[in-house]
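Visitor: The structure follows.
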Amino acid sequence: MATDTLDNRTGRGGAQDLRRLLLDNGALSALVVLVAALALLSGDFLTTQNLLNVGVQAAVTAILAFGVTFVIVSAGIDLSVGSVAALSATVLAWSATSEGVPVWLAVLMAVATGIACGLVNGVLVSYGKLPPFIATLAMLSVGRGLSLVISQGSPIAFPDSVSHLGDTLGGRLPVPVLVMIGAGLLTALVLSRTYIGRSMYAIGGNEEAARLSGLRVKRQKLVIYALSGLFAAVAGIVLASRLSSAQPQAAQGYELDAIAAVVIGGASLSGGVGKASGTLIGALILAVLRNGLNLLSVSAFWQQVVIGVVIALAVLLDTLRRKAGAAPGAAGGEAGAGRKGPGAMKLAVAAVCLAAVIGAGYLLNPGSSGSAKSKLGMSLSTLNNPFFVQMKAGAQAEAKAEGIDLTVTDAQNDASQQANQIQNFTGSGMKSIIVNPVDSDAVGPAVRGANKADIPVIAADRGVNKAETATLVASDNAAGGRLAARTLAEKLGGKGRIAVLQGTAGTSVSRERGAGFTEGLKAYPGIEVVARQPADFDRTKGLDVMTNLLQSHPDVTGVFAENDEMALGAVKALGDRAGSAVAVVGFDGTPDGVKAVAAGTLYASVAQQPEELGRIAVRNAVLATRGKKPDSAVKVPVKVVTRENAAAFS
C-alpha cells in the first residue's frame, strides 16, 4: 500500500510539474504553438531568410518594449515611446544633414532627446502628480508635433554612417537583431542585478511600502522613465536606419505594440511582475504572427482581427497562470491539484483556439506556397481610403483574369510595416511585387532587397527612390494638383479666398498634390490661400478642420482638398453653402466623390481612375514575371469630373 501511494504521488507530481511548466511559460507556449502552426501551413515560414526577417521585424518593437518593461514593472505606463522614437530620429537626421553637426554628436543629441522626454514624463508623474497615462499621452502629442515642426512634415535623409545600423553583418546577420539582443541583455541585467531594478519591483509591488522602506520613489521614477526614453531613442535610430530616412510620422501606434509585447510576455499592468525574456517573447509573437499571415495570403482586414484575438488569448493565458499560482494549496496536495487542473485544461483549449484562428484565416484565404499559380504580392499604403480599395479591386480582377495568385497587404500608412511586407514577399518566393509606397524614399531599402533576389518590382501610383523598378504605373499627382488649381480658379473667376485641406503630413502623395496645386495657383494672383491645415485624408477630420476654419475665415469662396474624403467632410461642414457660395474641389474621383459632384455639392474632383491603375499594375507585373520588359513608365491619365460628365465616371 505504501508503495502504491508513493507511485501515485510520483505520477501526480510529474503531471503537476508539467502543468506548472506550461502555466509558468504561457507566452513561450503560445509562441511554440504559433510557430508550429505556421510551419505546417506555409513551407516558406521556416526558411533561414524568413526567420531573419522575423527577427528584423521584431527588433524595433522589442527595443521599445524593453524600455516600457521598466515602466510597467513599476506600475506605470508610457504611451509616448513611439513619438519619442520618431522625434529622436528626426533630431539626428536634421542635425547631421541640415545643420552640419558631426554624426557622432548628432547621435548623442538624439539619445539625449529621448532621455529628456523620459525625464519630463518622470517629473510630471513624480512631482506634478499626473497619472502616468495622462503625462505620457501629453508627451505623445508633444513629441509627434515637434518631429513634424523640425522636419516641416517631410522625411529627412539619414546619414549613411548611421544607416549601417539597418544593414547586415557579413551580408547575413541583421544589425537590428544584434541591437535587439544587446538591449534585451541590458534590460535583464538592470532588472535582476541592479539597485534600480530591485526598486522597480518594490515600487510596482507596493509604492507606499517601498517609500516607507527608505526608497526615494520620486527619484527612482525619474530614472525609470528616463530609461524608457533612452530605449525609445535607440529604437527610433534603428527604425530610421532601416528606412534610410527619418519619418516624422514613423512609429505611430508602436506604443500599443510595445505595451502588448510586455503584457503578453507575462508582465502585470498593476506592477511588480515582468522580465526581459518575457518581453522578447511577446515581441516575437507579434512579429511571427504578422509575418505568417502575410505568407498565408490572409486578407489585410482579417489580419487585424486575428492579431487582436491572439493578443487577447495570450493575455488570457497569463491571467490563468496567475490565478493558478494564487490558488490555495498551490504548493501541492489535493486542493492544489484540484485548483490547477482546470487552468491547464483552459491553457490547452486556448492553444487549440490559437491554432484554429490561424487555420481559419488560412481557409478564408487559401493562397499558399503549394499553389500551382504564379504568385504576386501587392503592398498598398493603406486600405482605409476608397481610392486604394478601388485600386485593390482592379488589381484583383486582373489577377483573376490572368490566373494569378495575388496577395494584397495593407501598410496602414506605416513605412516600416510596408518594408516588413516587402521583405516577407521577397522571402516567400513571389514572382513579382507591386508596391504603392507610403514614402518613396523609405521603401527604397526593402525594394533593393527584392532587386538582389531578382524579383521584379512594379511601382504603383508613386515612384520608388534609390532602387530599381521594372515600371512605374501612376497618375501624375503634381499634374493633378495643377489641374485642380486651374479648375477651382476658373470657377472663381480668378479671384477669391480659399482654404486647403492637406493630407497626412510627410506622405509623398500629399507633398506632390500640394506642390502641384501651389504651382498651378501662380497663374492666378487674384486667388488668396487663407489657410492650409492637415486633415489626414480622413472625412471626419475634414469635417472638423473645415468647421474650425470657418470660424476664423467665414468668407472663403473655395476649398481644395487633397482627396475626396476630406472634400466630402468640408462639404458637410459648409452645409447649404457648398456648391452655391463655396466651390469645393476634391481629388481621386471616388464613387462617393462622383455622386457628390453629380448632386452639385462638390464642384469637381480630379479623377485618377484607381481601378484602371490597379489593373495596369498587375498586367505589367505579369509581363515582368514572363521575362518581358514592360515600359519604364505607364501614365494613367487624370481627368476632371464635373457635373456635366459625372455620369461617365459613375
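The values are calculated or read from the model by the stated rules, or taken from the named source; none is laboratory data. This one's a predicted model, so the numbers in the text were calculated from it and none came from an experiment. Glycine also receives a Cβ, built like all others from the backbone with ideal geometry; neighbour counts cover every protein chain displayed. Side chains included, ligands, DNA and RNA excluded: accessible areas come from the protein's heavy atoms. Shrake-Rupley method; radii C 1.70, N 1.55, O 1.52, S 1.80 Å.
Rundown of residues vs (1) within 17 Å of Ala604 (Cα to Cα); (2) at pLDDT below 95; (3) out of contact with any strand residue (DSSP E or B) (no Cβ under 6 Å at 6 or more places or on another chain); (4) buried (at least 23 other Cβ atoms within 10 Å of the Cβ), yes/no style:
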| residue | (1), (2), (3), (4) |
| --- | --- |
| Ala442 | no, yes, no, yes |
| Pro445 | no, yes, yes, no |
| Arg448 | no, yes, yes, no |
| Ala453 | no, yes, yes, no |
| Lys466 | no, yes, yes, no |
| Ala479 | yes, yes, yes, no |
| Leu488 | yes, no, no, yes |
| Ala499 | yes, no, no, yes |
| Ser510 | no, yes, no, no |
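Visitor: Additional query: Restricted to segment 55-75, and to residues that are under 15 Å from the mean Cα position of the chain (by Cα) and within 20 Å of Ala442 (Cα to Cα), which residue is surrounded by the fewest Cβ atoms within 10 Å (Cβ to Cβ)?
Guide: Within segment 55-75, the match that is surrounded by the fewest Cβ atoms within 10 Å (Cβ to Cβ) is Val56.
Visitor: Next question. Looking at Ala267, Ala300, which one is within 23 Å of Ala183 (Cβ to Cβ), in contact (Cβ under 8 Å) with a residue 40 or more places away in the chain and among the aliphatic types (A, V, I, L, M)?
Guide: After ruling out the rest, the residue left standing is Ala267.
Visitor: In addition: Looking at (1) touching a Ser or Thr at 6+ places or on another chain (Cβ under 9 Å); (2) modelled with pLDDT of 90 or more, find the lone condition where Ile281 falls short.
Guide: Exception for Ile281: condition (1).
Visitor: While we're looking at this one, here's another question. Mind listing just one residue for me: the one in segment 536-550 that is in a helix (DSSP H, G or I) and of a type in the set (A, V, I, L, M, F, W, C) and, of those, least open to solvent (accessible area, probe 1.4 Å)?
Guide: Met546
Visitor: Okay, moving on. Across segment 297-314, what is the number of residues that are surrounded by fewer than 18 Cβ atoms within 10 Å (Cβ to Cβ) and more than 16 Å from Thr382 (Cα to Cα)?
Guide: Here the count works out to 4.
Visitor: Within segment 477-498, is even one residue assigned to a strand (DSSP E or B) and not small (Gly, Ala, Ser)?
Guide: Yes, that holds for at least one residue.
Visitor: Here are Val123, Val84, Val101, Val111: which of them is over 20 Å from Ile285 (Cβ atoms) and free of Cβ contacts under 8 Å to residues at least 24 places away in the same chain?
Guide: Val101
Visitor: Follow-up. What number goes with the only condition from (1) touching a residue at least 60 places away in the same chain (Cβ under 8 Å); (2) within 16 Å of the chain's Cα centre (by Cα) that Ile422 does not pass?
Guide: (1)
Visitor: Also, I was wondering about something else. If you check every pair at least six apart or on different chains, which have Cβ atoms under 7 Å apart with a residue in segment 563-588 that is under 27 Å from Phe388 (Cα atoms) first and a residue that is open to solvent by 40 Å² or more (accessible area, probe 1.4 Å) and of a type in the set (Lys, Arg) second?
Guide: Taking only residues 6 or more apart or on different chains, the pairs are Glu565/Arg539; Met566/Arg539; Leu568/Arg539; Gly569/Arg539; Gly569/Lys541; Ala583/Lys491.
Visitor: May I ask you to say which residue of Leu549, Leu602 is aliphatic (A, V, I, L, M), modelled with pLDDT under 95 and either touching a strand residue (DSSP E or B) at 6+ places or on another chain (Cβ under 6 Å) or closer than 15 Å to Gln502 by Cβ (or both)?
Guide: Leu549
Visitor: Which one is nearest to Ser508 (Cα to Cα) among residues in segment 422-439 that are polar (S, T, N, Q) and open to solvent by less than 10 Å² (accessible area, probe 1.4 Å)?
Guide: So the residue we want is Asn436.
Visitor: In addition: Would you mind finding the one in Gly542, Gly593, Gly579 that is closer than 17 Å to Arg513 by Cβ, touching a Ser or Thr at 6+ places or on another chain (Cβ under 6 Å) and not charged (D, E, K, R)?
Guide: Gly593
Visitor: Can you confirm whether Gly403 is without any contact (Cβ under 8 Å) to a residue 60 or more places away in the chain and over 30 Å from Glu565 (Cα atoms)?
Guide: So Gly403 fits the description; yes.
Visitor: I'd like to check which helices (runs of 4 or more DSSP H) are fully inside segment 191-287 and have at least 1 residues that are hydroxyl-bearing (Ser, Thr, Tyr).
Guide: 195-205, 217-243, 254-264
Visitor: From the list Asp44, Asp78, pick out the single residue that is open to solvent by 20 Å² or more (accessible area, probe 1.4 Å) and either in contact (Cβ under 8 Å) with a residue 24 or more places away in the chain or among the acidic types (Asp, Glu) (or both).
Guide: Asp44
Visitor: Here is a further query. Looking at (1) in contact with an Asp or Glu (Cβ under 9 Å, 6 or more places away or on another chain); (2) of a type in the set (D, E, K, R); (3) modelled with pLDDT under 90, which is the one condition that is false for Asp78?
Guide: (3)
Visitor: Residue by residue through segment 582-622, note down the ones that are charged (D, E, K, R) and under 23 Å from Val556 (Cβ atoms).
Guide: Asp588, Asp592
Visitor: Residues in segment 472-523 that are among the hydroxyl-bearing types (Ser, Thr, Tyr) and within 19 Å of Asp441 (Cβ to Cβ): how many?
Guide: Going through segment 472-523 one residue at a time, the tally reaches 4.
Visitor: Kindly evaluate Leu137 against the criterion of being out of contact with any helix residue (DSSP H, G or I) (no Cβ under 6 Å at 6 or more places or on another chain), surrounded by fewer than 21 Cβ atoms within 10 Å (Cβ to Cβ) and closer than 26 Å to Gly272 by Cβ.
Guide: yes
Visitor: Does segment 94-116 include one or more residues that are closer than 13 Å to Thr136 by Cβ and surrounded by fewer than 23 Cβ atoms within 10 Å (Cβ to Cβ)?
Guide: No, segment 94-116 contains no residue that is closer than 13 Å to Thr136 by Cβ and surrounded by fewer than 23 Cβ atoms within 10 Å (Cβ to Cβ).
Visitor: Of all residues in segment 522-535, which are in contact with a strand residue (DSSP E or B) (Cβ under 7 Å, 6 or more places away or on another chain) and either β-branched (Val, Ile, Thr) or open to solvent by 20 Å² or more (accessible area, probe 1.4 Å) (or both)?
Guide: Selection gives Ile527, Glu528, Val529, Val530, Arg532, Gln533, Pro534.
Visitor: Still on this structure: Would you please name the residue that is least open to solvent (accessible area, probe 1.4 Å), looking only at residues in segment 207-221 that are over 17 Å from Leu119 (Cβ atoms) and without any contact (Cβ under 8 Å) to a residue 60 or more places away in the chain?
Guide: This residue is Ala210.
Visitor: Open to solvent by 30 Å² or more (accessible area, probe 1.4 Å) and either modelled with pLDDT of 80 or more or not acidic (Asp, Glu) (or both) - does that describe any residue in segment 288-296?
Guide: The answer is yes; a qualifying residue exists.
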